[in-house]
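Enquirer: Shown below is the structure under consideration.
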Amino acid sequence: MKIVVAGTGYVGLVTGACHSEVGHYVTCVDIDQSKVEKMKKGISPIYEPGLDELLKKNHDAGRLDFTVDYKSAYKDADVVFIGVGTPEREDGSANLDYVFNVCAQIAENVEKDCLVVVKSTVPIGTNDKVEEFLQENAKNNVHIEVASNPEFLAQGTAVVDTLYAKRIVIGVESTNAENVLREVYERYNQPIVVTNRRSAEMIKYASNDFLALKISFMNEIANFCEIVGADVEDVAKGMSFDPRIGDKFLKAGIGYGGSCFPKDTKALHWLANDNGYELKTIKATIEVNQNQKYKLFRLAKQRFETLKGLKVAVLGLTFKPGTDDLREAPSIPNVRRLLDEGAEVVAYDPVGMDNFKRIFPSEIKYVNTPEETLKDADLAFIFTEWDEIKSLDLSVYANLMKTPIIFDGRNCYKITDTEKSQVEYHSVGRKA
Ligand code: UGA
(Lines give C-alpha, C1' and ligand atoms only; values in the text may rest on other atoms or scores of the structure.)
Protein backbone atom coordinates (compact mmCIF):
# COMPACT_ATOMS: atom_id res chain seq x y z
CA MET A 1 0.00 0.00 0.00
CA LYS A 2 1.48 3.37 -0.97
CA ILE A 3 0.53 6.12 1.45
CA VAL A 4 1.05 9.79 0.62
CA VAL A 5 0.63 12.57 3.17
CA ALA A 6 -0.10 16.13 2.06
CA GLY A 7 1.26 18.76 4.46
CA THR A 8 4.10 18.45 6.94
CA GLY A 9 2.77 20.52 9.83
CA TYR A 10 1.90 18.89 13.16
CA VAL A 11 -0.86 16.69 11.86
CA GLY A 12 0.66 15.70 8.50
CA LEU A 13 4.22 15.10 9.61
CA VAL A 14 3.36 13.14 12.75
CA THR A 15 0.83 11.06 10.79
CA GLY A 16 3.41 10.27 8.11
CA ALA A 17 6.15 9.46 10.61
CA CYS A 18 3.91 7.20 12.70
CA HIS A 19 2.47 5.34 9.69
CA SER A 20 6.04 4.57 8.61
CA GLU A 21 6.99 3.60 12.15
CA VAL A 22 4.30 0.86 12.15
CA GLY A 23 5.66 -0.42 8.82
CA HIS A 24 3.84 1.41 6.01
CA TYR A 25 5.62 3.02 3.04
CA VAL A 26 4.95 6.74 3.22
CA THR A 27 5.78 9.78 1.11
CA CYS A 28 5.22 13.22 2.64
CA VAL A 29 4.64 16.11 0.25
CA ASP A 30 5.60 19.69 1.00
CA ILE A 31 6.11 22.77 -1.17
CA ASP A 32 9.37 23.86 0.47
CA GLN A 33 12.53 22.15 -0.91
CA SER A 34 14.81 23.21 1.97
CA LYS A 35 12.31 21.85 4.49
CA VAL A 36 12.20 18.58 2.55
CA GLU A 37 16.00 18.28 2.63
CA LYS A 38 16.05 18.85 6.38
CA MET A 39 13.34 16.28 7.06
CA LYS A 40 15.30 13.71 5.05
CA LYS A 41 18.15 14.25 7.50
CA GLY A 42 15.83 13.78 10.45
CA ILE A 43 15.42 17.45 11.26
CA SER A 44 11.80 18.22 11.97
CA PRO A 45 10.55 21.72 11.07
CA ILE A 46 8.52 21.70 14.30
CA TYR A 47 9.66 21.17 17.87
CA GLU A 48 8.11 17.89 18.94
CA PRO A 49 9.69 15.40 21.36
CA GLY A 50 10.67 12.12 19.67
CA LEU A 51 9.84 13.26 16.13
CA ASP A 52 13.40 13.81 14.82
CA GLU A 53 14.38 10.27 15.83
CA LEU A 54 11.32 8.83 14.10
CA LEU A 55 12.01 10.76 10.88
CA LYS A 56 15.63 9.67 10.73
CA LYS A 57 15.03 6.04 11.64
CA ASN A 58 12.25 5.49 9.11
CA HIS A 59 13.87 7.52 6.35
CA ASP A 60 17.07 5.49 6.76
CA ALA A 61 15.00 2.29 6.71
CA GLY A 62 13.52 3.37 3.36
CA ARG A 63 9.93 3.54 4.63
CA LEU A 64 9.59 7.32 4.84
CA ASP A 65 10.40 9.83 2.14
CA PHE A 66 9.84 13.53 1.52
CA THR A 67 9.33 15.34 -1.75
CA VAL A 68 8.17 18.54 -3.43
CA ASP A 69 7.28 16.53 -6.54
CA TYR A 70 3.60 16.09 -5.75
CA LYS A 71 2.81 14.99 -9.30
CA SER A 72 4.83 11.78 -9.01
CA ALA A 73 3.76 11.28 -5.40
CA TYR A 74 0.02 11.35 -6.11
CA LYS A 75 0.25 9.47 -9.42
CA ASP A 76 0.17 5.94 -8.00
CA ALA A 77 -0.96 6.55 -4.40
CA ASP A 78 -3.38 4.10 -2.80
CA VAL A 79 -4.23 6.41 0.06
CA VAL A 80 -3.66 10.17 0.37
CA PHE A 81 -3.95 11.71 3.83
CA ILE A 82 -4.65 15.45 3.86
CA GLY A 83 -3.10 17.06 6.93
CA VAL A 84 -2.88 20.72 5.94
CA GLY A 85 -3.98 23.66 8.10
CA THR A 86 -7.51 25.05 8.28
CA PRO A 87 -6.79 28.44 9.88
CA GLU A 88 -9.37 30.81 11.24
CA ARG A 89 -10.84 33.44 8.95
CA GLU A 90 -11.60 36.87 10.32
CA ASP A 91 -15.28 35.98 10.86
CA GLY A 92 -14.32 32.85 12.86
CA SER A 93 -15.07 30.36 10.06
CA ALA A 94 -12.47 27.83 8.91
CA ASN A 95 -10.39 28.65 5.85
CA LEU A 96 -10.40 25.59 3.57
CA ASP A 97 -8.19 26.98 0.81
CA TYR A 98 -5.24 24.70 1.63
CA VAL A 99 -7.46 21.62 1.66
CA PHE A 100 -8.93 22.40 -1.76
CA ASN A 101 -5.53 23.35 -3.22
CA VAL A 102 -4.29 19.88 -2.33
CA CYS A 103 -7.49 18.34 -3.74
CA ALA A 104 -6.91 20.13 -7.06
CA GLN A 105 -3.38 18.66 -7.21
CA ILE A 106 -4.67 15.19 -6.39
CA ALA A 107 -7.46 15.38 -8.99
CA GLU A 108 -4.99 16.52 -11.61
CA ASN A 109 -2.46 13.78 -11.02
CA VAL A 110 -3.86 10.48 -9.69
CA GLU A 111 -3.73 7.76 -12.29
CA LYS A 112 -5.43 4.96 -10.35
CA ASP A 113 -8.37 4.62 -7.97
CA CYS A 114 -7.53 5.88 -4.52
CA LEU A 115 -8.88 6.85 -1.13
CA VAL A 116 -8.44 10.45 0.04
CA VAL A 117 -8.50 10.74 3.82
CA VAL A 118 -9.15 14.13 5.42
CA LYS A 119 -7.25 14.43 8.70
CA SER A 120 -7.39 18.21 8.91
CA THR A 121 -10.09 19.61 11.18
CA VAL A 122 -12.86 20.64 8.78
CA PRO A 123 -16.43 21.90 9.20
CA ILE A 124 -19.19 19.34 9.09
CA GLY A 125 -20.07 18.60 5.46
CA THR A 126 -16.60 19.37 4.06
CA ASN A 127 -15.79 15.73 3.26
CA ASP A 128 -18.90 15.59 1.06
CA LYS A 129 -17.72 18.68 -0.80
CA VAL A 130 -14.21 17.27 -1.12
CA GLU A 131 -15.55 14.07 -2.68
CA GLU A 132 -17.77 16.00 -5.06
CA PHE A 133 -14.83 18.20 -6.08
CA LEU A 134 -12.48 15.25 -6.64
CA GLN A 135 -15.01 13.28 -8.63
CA GLU A 136 -15.82 16.28 -10.81
CA ASN A 137 -12.19 17.24 -11.41
CA ALA A 138 -10.38 13.89 -11.60
CA LYS A 139 -8.49 13.92 -14.89
CA ASN A 140 -7.68 10.30 -15.52
CA ASN A 141 -11.05 8.59 -15.33
CA VAL A 142 -10.29 7.23 -11.89
CA HIS A 143 -12.59 6.65 -8.94
CA ILE A 144 -11.69 8.65 -5.83
CA GLU A 145 -13.44 8.06 -2.52
CA VAL A 146 -13.18 10.27 0.54
CA ALA A 147 -13.05 9.37 4.23
CA SER A 148 -12.87 11.47 7.37
CA ASN A 149 -10.25 10.47 9.92
CA PRO A 150 -9.84 13.29 12.45
CA GLU A 151 -6.68 13.68 14.50
CA PHE A 152 -6.58 13.84 18.28
CA LEU A 153 -2.89 14.46 18.96
CA ALA A 154 -1.78 17.25 21.28
CA GLN A 155 1.40 19.27 20.74
CA GLY A 156 4.28 18.16 22.90
CA THR A 157 2.95 14.58 23.07
CA ALA A 158 2.02 14.20 19.41
CA VAL A 159 4.09 11.08 18.67
CA VAL A 160 2.88 9.15 21.72
CA ASP A 161 -0.70 10.38 21.19
CA THR A 162 -0.60 8.92 17.68
CA LEU A 163 1.25 5.66 18.27
CA TYR A 164 -0.87 4.93 21.35
CA ALA A 165 -4.07 6.76 20.47
CA LYS A 166 -7.10 6.28 22.70
CA ARG A 167 -9.27 5.84 19.61
CA ILE A 168 -9.23 6.01 15.85
CA VAL A 169 -12.29 7.65 14.33
CA ILE A 170 -13.20 6.68 10.80
CA GLY A 171 -16.01 8.43 8.92
CA VAL A 172 -16.93 6.57 5.74
CA GLU A 173 -19.74 6.19 3.25
CA SER A 174 -18.65 2.83 1.77
CA THR A 175 -17.36 -0.56 2.88
CA ASN A 176 -14.38 -0.16 0.58
CA ALA A 177 -13.26 3.03 2.32
CA GLU A 178 -13.75 1.38 5.72
CA ASN A 179 -11.70 -1.65 4.70
CA VAL A 180 -8.81 0.45 3.37
CA LEU A 181 -8.62 2.47 6.58
CA ARG A 182 -8.94 -0.64 8.73
CA GLU A 183 -5.92 -2.00 6.85
CA VAL A 184 -3.95 1.21 7.52
CA TYR A 185 -4.76 1.11 11.24
CA GLU A 186 -4.59 -2.66 11.77
CA ARG A 187 -0.98 -2.33 12.89
CA TYR A 188 -1.79 0.22 15.59
CA ASN A 189 -3.99 -2.09 17.63
CA GLN A 190 -6.25 0.71 18.90
CA PRO A 191 -10.04 0.91 19.31
CA ILE A 192 -11.70 2.00 16.06
CA VAL A 193 -14.97 3.93 15.93
CA VAL A 194 -16.61 3.69 12.52
CA THR A 195 -19.33 6.15 11.60
CA ASN A 196 -20.43 8.30 8.69
CA ARG A 197 -18.35 11.26 7.50
CA ARG A 198 -20.46 14.03 9.06
CA SER A 199 -20.45 12.36 12.47
CA ALA A 200 -16.68 11.89 12.31
CA GLU A 201 -16.23 15.57 11.48
CA MET A 202 -18.51 16.46 14.39
CA ILE A 203 -16.65 14.13 16.80
CA LYS A 204 -13.50 16.17 16.26
CA TYR A 205 -15.13 19.54 16.96
CA ALA A 206 -17.27 18.23 19.81
CA SER A 207 -14.20 16.68 21.48
CA ASN A 208 -12.06 19.83 21.28
CA ASP A 209 -14.92 22.15 22.21
CA PHE A 210 -15.88 19.98 25.18
CA LEU A 211 -12.29 20.13 26.49
CA ALA A 212 -12.25 23.90 25.97
CA LEU A 213 -15.58 24.10 27.81
CA LYS A 214 -14.14 22.15 30.74
CA ILE A 215 -11.25 24.62 30.97
CA SER A 216 -13.47 27.70 30.78
CA PHE A 217 -15.81 26.16 33.36
CA MET A 218 -12.92 25.62 35.78
CA ASN A 219 -11.64 29.13 35.13
CA GLU A 220 -15.02 30.56 36.08
CA ILE A 221 -15.16 28.38 39.19
CA ALA A 222 -11.62 29.59 39.99
CA ASN A 223 -12.63 33.23 39.72
CA PHE A 224 -15.60 32.56 41.99
CA CYS A 225 -13.40 30.58 44.42
CA GLU A 226 -11.40 33.76 44.94
CA ILE A 227 -14.55 35.65 45.91
CA VAL A 228 -15.86 33.07 48.37
CA GLY A 229 -12.49 31.94 49.79
CA ALA A 230 -12.30 28.44 48.27
CA ASP A 231 -9.21 26.86 46.66
CA VAL A 232 -9.72 25.76 43.04
CA GLU A 233 -6.86 23.23 43.14
CA ASP A 234 -8.57 21.39 46.00
CA VAL A 235 -11.95 21.78 44.32
CA ALA A 236 -10.61 20.20 41.11
CA LYS A 237 -8.98 17.40 43.08
CA GLY A 238 -12.19 16.71 44.98
CA MET A 239 -14.19 16.65 41.74
CA SER A 240 -11.71 14.42 39.93
CA PHE A 241 -12.38 11.27 41.94
CA ASP A 242 -15.80 11.03 40.30
CA PRO A 243 -15.15 8.98 37.15
CA ARG A 244 -18.02 10.79 35.44
CA ILE A 245 -15.98 13.98 35.73
CA GLY A 246 -12.45 12.56 35.39
CA ASP A 247 -9.17 14.13 36.44
CA LYS A 248 -8.10 15.78 33.17
CA PHE A 249 -8.52 19.32 31.87
CA LEU A 250 -9.66 20.69 35.21
CA LYS A 251 -6.66 22.96 35.61
CA ALA A 252 -7.58 26.60 36.08
CA GLY A 253 -5.24 29.24 34.75
CA ILE A 254 -5.08 32.03 32.21
CA GLY A 255 -7.11 30.28 29.54
CA TYR A 256 -6.50 27.93 26.68
CA GLY A 257 -4.32 28.88 23.71
CA GLY A 258 -2.75 27.01 20.83
CA SER A 259 -3.73 26.35 17.28
CA CYS A 260 -6.79 24.24 18.06
CA PHE A 261 -9.16 25.17 20.87
CA PRO A 262 -9.47 28.90 20.05
CA LYS A 263 -9.97 28.15 16.35
CA ASP A 264 -12.25 25.12 16.76
CA THR A 265 -14.57 26.75 19.29
CA LYS A 266 -15.04 29.74 17.00
CA ALA A 267 -15.45 27.59 13.90
CA LEU A 268 -18.19 25.43 15.43
CA HIS A 269 -19.95 28.47 16.84
CA TRP A 270 -19.79 30.13 13.42
CA LEU A 271 -21.05 27.00 11.68
CA ALA A 272 -24.00 26.68 14.07
CA ASN A 273 -24.93 30.33 13.50
CA ASP A 274 -24.66 29.78 9.78
CA ASN A 275 -27.16 26.94 10.20
CA GLY A 276 -29.52 29.12 12.25
CA TYR A 277 -28.56 27.65 15.62
CA GLU A 278 -26.80 29.24 18.58
CA LEU A 279 -24.38 27.06 20.57
CA LYS A 280 -24.73 28.88 23.89
CA THR A 281 -22.20 26.81 25.85
CA ILE A 282 -19.54 27.34 23.20
CA LYS A 283 -20.29 31.05 23.06
CA ALA A 284 -19.76 31.25 26.83
CA THR A 285 -16.58 29.15 26.56
CA ILE A 286 -15.10 31.62 24.08
CA GLU A 287 -16.11 34.67 26.15
CA VAL A 288 -14.73 33.28 29.41
CA ASN A 289 -11.43 32.44 27.71
CA GLN A 290 -11.12 35.87 26.16
CA ASN A 291 -11.51 37.44 29.57
CA GLN A 292 -9.29 34.99 31.44
CA LYS A 293 -6.29 35.76 29.23
CA TYR A 294 -5.87 39.15 30.87
CA LYS A 295 -6.32 37.96 34.44
CA LEU A 296 -2.71 38.50 35.52
CA PHE A 297 -2.55 41.88 33.89
CA ARG A 298 -5.70 42.99 35.71
CA LEU A 299 -4.35 41.70 39.03
CA ALA A 300 -1.10 43.60 38.50
CA LYS A 301 -2.95 46.78 37.61
CA GLN A 302 -4.92 46.49 40.86
CA ARG A 303 -1.74 45.91 42.85
CA PHE A 304 0.34 48.72 41.36
CA GLU A 305 -1.10 52.10 40.62
CA THR A 306 0.90 52.22 37.42
CA LEU A 307 3.19 49.76 35.65
CA LYS A 308 5.07 52.59 33.93
CA GLY A 309 8.83 52.21 34.37
CA LEU A 310 8.53 48.93 36.31
CA LYS A 311 10.76 46.04 35.39
CA VAL A 312 8.59 43.01 34.66
CA ALA A 313 10.08 39.50 34.53
CA VAL A 314 8.16 37.21 32.16
CA LEU A 315 8.65 33.49 32.71
CA GLY A 316 7.30 31.26 29.93
CA LEU A 317 6.01 32.44 26.56
CA THR A 318 4.56 29.40 24.76
CA PHE A 319 0.86 28.50 24.99
CA LYS A 320 1.78 25.41 27.02
CA PRO A 321 4.97 23.52 27.96
CA GLY A 322 6.57 21.04 25.54
CA THR A 323 6.18 23.17 22.43
CA ASP A 324 7.71 26.25 20.81
CA ASP A 325 4.30 27.25 19.47
CA LEU A 326 3.04 30.73 20.33
CA ARG A 327 -0.26 30.66 18.54
CA GLU A 328 -2.91 32.26 20.79
CA ALA A 329 -0.45 32.23 23.70
CA PRO A 330 -1.69 34.51 26.51
CA SER A 331 1.85 35.90 26.81
CA ILE A 332 1.50 37.85 23.55
CA PRO A 333 -1.45 40.17 24.33
CA ASN A 334 -0.20 40.58 27.91
CA VAL A 335 3.28 41.65 26.84
CA ARG A 336 1.66 44.05 24.38
CA ARG A 337 -0.37 45.60 27.22
CA LEU A 338 2.66 45.80 29.49
CA LEU A 339 4.56 47.66 26.79
CA ASP A 340 1.58 49.99 26.19
CA GLU A 341 1.67 50.78 29.91
CA GLY A 342 5.34 51.73 29.66
CA ALA A 343 6.72 48.69 31.55
CA GLU A 344 10.17 47.29 30.85
CA VAL A 345 9.85 43.58 29.94
CA VAL A 346 12.55 40.91 30.35
CA ALA A 347 11.54 37.46 29.11
CA TYR A 348 12.67 33.86 29.25
CA ASP A 349 11.33 30.64 27.72
CA PRO A 350 13.27 27.40 27.24
CA VAL A 351 12.26 26.98 23.57
CA GLY A 352 9.85 29.75 22.57
CA MET A 353 12.12 32.80 22.46
CA ASP A 354 13.13 32.61 18.79
CA ASN A 355 9.49 32.61 17.74
CA PHE A 356 8.67 35.40 20.20
CA LYS A 357 11.46 37.50 18.69
CA ARG A 358 9.56 37.46 15.40
CA ILE A 359 6.66 39.23 17.13
CA PHE A 360 8.69 41.46 19.47
CA PRO A 361 12.13 41.77 17.85
CA SER A 362 13.51 44.61 19.96
CA GLU A 363 10.77 45.92 22.25
CA ILE A 364 11.66 43.53 25.07
CA LYS A 365 14.86 42.02 26.44
CA TYR A 366 15.52 38.28 26.13
CA VAL A 367 17.77 36.41 28.55
CA ASN A 368 18.99 32.84 28.85
CA THR A 369 17.95 31.77 32.33
CA PRO A 370 15.00 32.32 34.69
CA GLU A 371 17.48 33.80 37.18
CA GLU A 372 18.62 36.52 34.76
CA THR A 373 14.96 37.33 34.08
CA LEU A 374 14.24 37.87 37.75
CA LYS A 375 17.28 39.97 38.55
CA ASP A 376 16.18 43.35 39.98
CA ALA A 377 12.62 42.91 38.69
CA ASP A 378 9.71 44.71 40.36
CA LEU A 379 7.25 41.92 39.56
CA ALA A 380 7.14 38.57 37.75
CA PHE A 381 4.53 36.98 35.52
CA ILE A 382 4.40 33.22 34.94
CA PHE A 383 2.62 32.42 31.67
CA THR A 384 3.78 28.82 31.05
CA GLU A 385 4.31 26.00 33.54
CA TRP A 386 7.59 24.60 32.17
CA ASP A 387 9.20 22.16 34.65
CA GLU A 388 12.24 24.41 34.77
CA ILE A 389 10.05 27.27 35.94
CA LYS A 390 7.90 25.22 38.33
CA SER A 391 10.97 23.84 40.04
CA LEU A 392 12.49 27.26 40.64
CA ASP A 393 12.73 27.68 44.40
CA LEU A 394 10.77 30.59 45.83
CA SER A 395 13.94 31.80 47.55
CA VAL A 396 15.38 32.55 44.09
CA TYR A 397 12.61 35.11 43.50
CA ALA A 398 13.11 36.51 47.00
CA ASN A 399 16.88 36.81 46.54
CA LEU A 400 17.01 38.18 43.03
CA MET A 401 14.01 40.45 42.58
CA LYS A 402 13.89 44.05 43.70
CA THR A 403 10.44 43.34 45.11
CA PRO A 404 9.50 39.64 44.97
CA ILE A 405 5.90 39.92 43.74
CA ILE A 406 4.73 36.99 41.62
CA PHE A 407 1.65 36.76 39.40
CA ASP A 408 1.38 33.08 38.56
CA GLY A 409 -1.05 32.24 35.74
CA ARG A 410 -0.50 28.49 36.02
CA ASN A 411 -0.61 27.86 39.79
CA CYS A 412 2.94 26.49 39.81
CA TYR A 413 3.46 26.83 43.56
CA LYS A 414 1.71 25.45 46.63
CA ILE A 415 0.06 28.17 48.69
CA THR A 416 1.56 26.64 51.86
CA ASP A 417 5.08 27.03 50.39
CA THR A 418 4.46 30.60 49.33
CA GLU A 419 3.23 31.42 52.84
CA LYS A 420 6.50 30.22 54.27
CA SER A 421 8.52 32.23 51.75
CA GLN A 422 9.44 35.89 51.40
CA VAL A 423 7.43 36.38 48.21
CA GLU A 424 4.12 38.11 47.65
CA TYR A 425 2.16 35.62 45.60
CA HIS A 426 -0.91 36.00 43.40
CA SER A 427 -2.35 33.04 41.51
CA VAL A 428 -5.64 31.81 40.01
CA GLY A 429 -8.59 30.63 42.11
CA ARG A 430 -6.75 30.58 45.41
CA LYS A 431 -6.33 33.10 48.15
CA ALA A 432 -3.58 35.62 47.45
C1 UGA B 1 -5.66 19.99 21.63
C2 UGA B 1 -6.31 18.68 22.10
O3 UGA B 1 -5.90 18.38 23.44
C4 UGA B 1 -5.95 17.51 21.19
O5 UGA B 1 -6.67 16.35 21.58
C6 UGA B 1 -6.34 17.88 19.76
O7 UGA B 1 -6.02 16.83 18.84
C8 UGA B 1 -5.59 19.14 19.35
O9 UGA B 1 -5.99 20.20 20.25
C10 UGA B 1 -5.94 19.46 17.93
O11 UGA B 1 -7.11 19.70 17.62
O12 UGA B 1 -5.06 19.36 17.05
P13 UGA B 1 -3.25 21.13 21.99
O14 UGA B 1 -3.88 22.38 21.45
O15 UGA B 1 -1.93 20.70 21.46
O16 UGA B 1 -4.25 19.87 21.78
O17 UGA B 1 -3.02 21.34 23.54
P18 UGA B 1 -3.73 20.98 24.94
O19 UGA B 1 -2.78 20.17 25.72
O20 UGA B 1 -5.07 20.43 24.74
O21 UGA B 1 -3.81 22.41 25.61
C22 UGA B 1 -4.58 23.47 25.03
C23 UGA B 1 -4.61 24.65 25.97
O24 UGA B 1 -5.44 24.40 27.09
C25 UGA B 1 -3.25 25.08 26.54
O26 UGA B 1 -3.14 26.48 26.45
C27 UGA B 1 -3.29 24.62 27.98
O28 UGA B 1 -2.51 25.43 28.82
C29 UGA B 1 -4.76 24.78 28.28
N30 UGA B 1 -5.23 23.90 29.38
C31 UGA B 1 -5.22 22.54 29.25
C32 UGA B 1 -5.68 24.48 30.57
O33 UGA B 1 -5.71 25.72 30.72
N34 UGA B 1 -6.13 23.65 31.56
C35 UGA B 1 -6.15 22.30 31.45
O36 UGA B 1 -6.58 21.62 32.41
C37 UGA B 1 -5.67 21.74 30.26
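Enquirer: Please go through the range 172-214 and give me each residue that is hydroxyl-bearing (Ser, Thr, Tyr) and either more than 16 Å from the ligand (Cβ to nearest atom) or within 24 Å of Cys114 (Cα to Cα) (or both), ordered by number. Before the answer, list the steps.
Expert: Going residue by residue through the range 172-214, those that are hydroxyl-bearing (Ser, Thr, Tyr) are 174-175, 185, 188, 195, 199, 205, 207.
Matches in the range 172-214: Ser174, Thr175, Tyr185, Tyr188, Thr195, Ser199.
Enquirer: Find the helices (runs of 4 or more DSSP H) located wholly in the range 1-68 whose residues include 3 or more that are out of contact with any Leu (no Cβ under 9 Å at 6 or more places or on another chain) and either within 16 Å of the ligand (Cβ to nearest atom) or more than 15 Å from Asp161 (Cα to Cα) (or both), and list them.
Expert: Numbers: elements: 10-21, 33-40, 51-60.
By residue number, 33-40, 51-60.
The rows are residues; the columns are (1) of a type in the set (Asp, Glu); (2) crowded, with 22+ Cβ neighbours inside 10 Å.
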| position | (1), (2) |
| --- | --- |
| Asp128 | yes, no |
| Asn149 | no, yes |
| Ile168 | no, no |
| Glu183 | yes, no |
| Leu211 | no, no |
| Ile227 | no, no |
| Asp231 | yes, no |
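Enquirer: Looking at the range 69-85, is at least one residue crowded, with 19+ Cβ neighbours inside 10 Å, of a type in the set (Ser, Thr, Tyr) and touching a Cys at 6+ places or on another chain (Cβ under 9 Å)?
Expert: So far as the range 69-85 goes, yes, one or more of its residues are crowded, with 19+ Cβ neighbours inside 10 Å, of a type in the set (Ser, Thr, Tyr) and touching a Cys at 6+ places or on another chain (Cβ under 9 Å).
Enquirer: In the range 389-402, how many are of a type outside the set (A, V, I, L, M, F, W, C) and buried (at least 16 other Cβ atoms within 10 Å of the Cβ)?
Expert: 2
Enquirer: Out of Gly7, Gly62, Gly50, Gly12, report the one residue that is assigned by TED's automatic domain parsing to the domain that holds Ile170 and touching a Cys at 6+ places or on another chain (Cβ under 7 Å).
Expert: Numbers: Gly7 fails: touching a Cys at 6+ places or on another chain (Cβ under 7 Å); Gly62 fails: touching a Cys at 6+ places or on another chain (Cβ under 7 Å); Gly50 fails: touching a Cys at 6+ places or on another chain (Cβ under 7 Å).
After applying the criteria, what remains is Gly12.
Enquirer: Does the range 297-351 hold any residues that are among the β-branched types (Val, Ile, Thr), under 20 Å from Asp387 (Cα atoms) and touching a helix residue (DSSP H, G or I) at 6+ places or on another chain (Cβ under 6 Å), and which are they? Lay out the reasoning, then the answer.
Expert: Going through the range 297-351, the residues among the β-branched types (Val, Ile, Thr) turn out to be 306, 312, 314, 318, 323, 332, 335, 345-346, 351.
Now drop any that are not under 20 Å from Asp387 (Cα atoms), which leaves 314, 318, 323, 346, 351.
The one that is among the β-branched types (Val, Ile, Thr), under 20 Å from Asp387 (Cα atoms) and touching a helix residue (DSSP H, G or I) at 6+ places or on another chain (Cβ under 6 Å): Val346.
Enquirer: Give the residue that is farthest from the chain's Cα centre (by Cα), with candidates limited to residues of the range 29-62 that are over 19 Å from Phe81 (Cα atoms) and acidic (Asp, Glu).
Expert: Checked the range 29-62; the qualifying residue farthest from the chain's Cα centre (by Cα) is Asp60.
Enquirer: Go through the range 327-345 and give me each residue that's under 26 Å from the mean Cα position of the chain (by Cα), surrounded by fewer than 20 Cβ atoms within 10 Å (Cβ to Cβ) and under 24 Å from Ser427 (Cβ atoms).
Expert: Hits for the range 327-345 are Ile332, Pro333, Arg336, Arg337.
Enquirer: Check off (1) assigned by TED's automatic domain parsing to the domain that holds Pro350; (2) at pLDDT below 95 for Lys414 and give me the number that stays unchecked.
Expert: (2)
Enquirer: Here is a list of conditions, (1) over 24 Å from the mean Cα position of the chain (by Cα); (2) under 21 Å from Ser421 (Cα atoms), and Thr369 meets all of them except one; can you say which number that is?
Expert: Failing condition for Thr369: (2).
Enquirer: Out of Glu173, Glu132, report the one residue that is in the same structural domain as Ile106 (by TED's automatic domain parsing), closer than 23 Å to Asn101 by Cβ and at pLDDT 95 or above. Give the steps one after another, and end with the answer.
Expert: Details: Glu173 fails: closer than 23 Å to Asn101 by Cβ.
Of the residues listed, the single one that is in the same structural domain as Ile106 (by TED's automatic domain parsing), closer than 23 Å to Asn101 by Cβ and at pLDDT 95 or above is Glu132.
The values are calculated or read from the model by the stated rules, or taken from the named source; none is laboratory data. Quantities reported herein were computed from a predicted structural model and do not represent experimental measurements. All Cβ positions, glycine included, derive from the backbone under ideal geometry; neighbour counts span all protein chains shown.
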